[in-house]
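K.L.:
Handing you this structure, nothing more for now.
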Amino acid sequence: MVKLAAKCILAGDPTVGKTALAQLFRSDGAHFQKNYTLTTGVDLVVKTVPVPDTGDSVELFIFDSAGKELFSEMLDKLWESPNVLCLVYDVTNEQSFTNCSKWLEKARSQIPGTTLPGVLVGNKTDLAGRRVVDVAQAQAWALGQGLECFETSVLHRVLVVVHVALSCGSSMVVHRLSSRSTAKEMENYEAPFHYLAKQFHHLYREKLEVFQALV
């Protein structure tokens, strides 16, 4: 049994729902931030995620980062040596989606030449009538950047998972999971973080195998 520690950068524009997503994940769905509070710098959320079928786990240290340019210089130090990345945008705000390119570039610049597993999460899908960024648009961009794509409503605890078949190029499969259905489905709002933990564990296993082959 192995317990790994991974630094997860949670990035995106202000008011896209980063803090609400992190707090919901930390509290197993018991806490939802109803009032917007500006994150000044970085808030830290820590949670252990089991890796299925291994007995191992990954302790995620989630750095919930301020989206304001005011804190940009502070982030350079706080974002040093990240292991995984969670990019969040608001599906009703096209600029927040466009700015994901900037956030991704900033995160990857912290570890040039190194793989940084990541996810793209579109939030506020409950505001369907105000949506301006559709699933296909987000999926196409995520695919081009090597990211896994998710959509969620933190408010309603509804998750849409976009499974991207990177290797075979098969068609996109979308599953809509409602918080009002079953207890198991309610847990699916955690999917982006569980995916990141699994990817980090996979990289660890790859490096371990390389090391063992050299011994």
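The values are calculated or read from the model by the stated rules, or taken from the named source; none is laboratory data. The model shown is predicted, which means the values in this text are computed figures rather than measured ones. Note that we place each Cβ from the backbone using ideal geometry, even for glycine, and neighbour counts take in every protein chain shown.
K.L.:
Considering segment 69-114 alone, what residues qualify as being farther than 19 Å from Gly17 by Cα, modelled with pLDDT of 90 or more and either in contact with a His (Cβ under 6 Å, 6 or more places away or on another chain) or assigned to a helix (DSSP H, G or I) (or both)?
P.N.:
Glu105, Lys106, Arg108 - these are the residues of segment 69-114 that are farther than 19 Å from Gly17 by Cα, modelled with pLDDT of 90 or more and either in contact with a His (Cβ under 6 Å, 6 or more places away or on another chain) or assigned to a helix (DSSP H, G or I) (or both).
K.L.:
For Gln137, only one of the following conditions fails: (1) at pLDDT below 55; (2) more than 15 Å from the chain's Cα centre (by Cα). What is its number?
P.N.:
Gln137 satisfies every listed condition except (1).
K.L.:
Taking the condition of being out of contact with any Cys (no Cβ under 7 Å at 6 or more places or on another chain), of a type outside the set (S, T, N, Q) and not in a helix (DSSP H, G or I), how many residues in segment 119-140 meet it?
P.N.:
8
K.L.:
Quickly run through segment 74-92 and pick out the residues that are more than 13 Å from the chain's Cα centre (by Cα), of a type in the set (Ser, Thr, Tyr) and surrounded by 17 or more Cβ atoms within 10 Å (Cβ to Cβ).
P.N.:
The one that is more than 13 Å from the chain's Cα centre (by Cα), of a type in the set (Ser, Thr, Tyr) and surrounded by 17 or more Cβ atoms within 10 Å (Cβ to Cβ): Thr92.
K.L.:
Within segment 93-124, count every residue that is loosely packed, with under 14 Cβ neighbours inside 10 Å and closer than 18 Å to Leu203 by Cα.
P.N.:
Counting residues in segment 93-124 that are loosely packed, with under 14 Cβ neighbours inside 10 Å and closer than 18 Å to Leu203 by Cα gives 4.
K.L.:
Let me ask something else. Scan segment 201-215 for residues that are hydrophobic (A, V, I, L, M, F, W, C) and without any contact (Cβ under 8 Å) to a residue 60 or more places away in the chain and jot them down.
P.N.:
Correct list: Leu208, Val210, Phe211, Ala213, Leu214, Val215.
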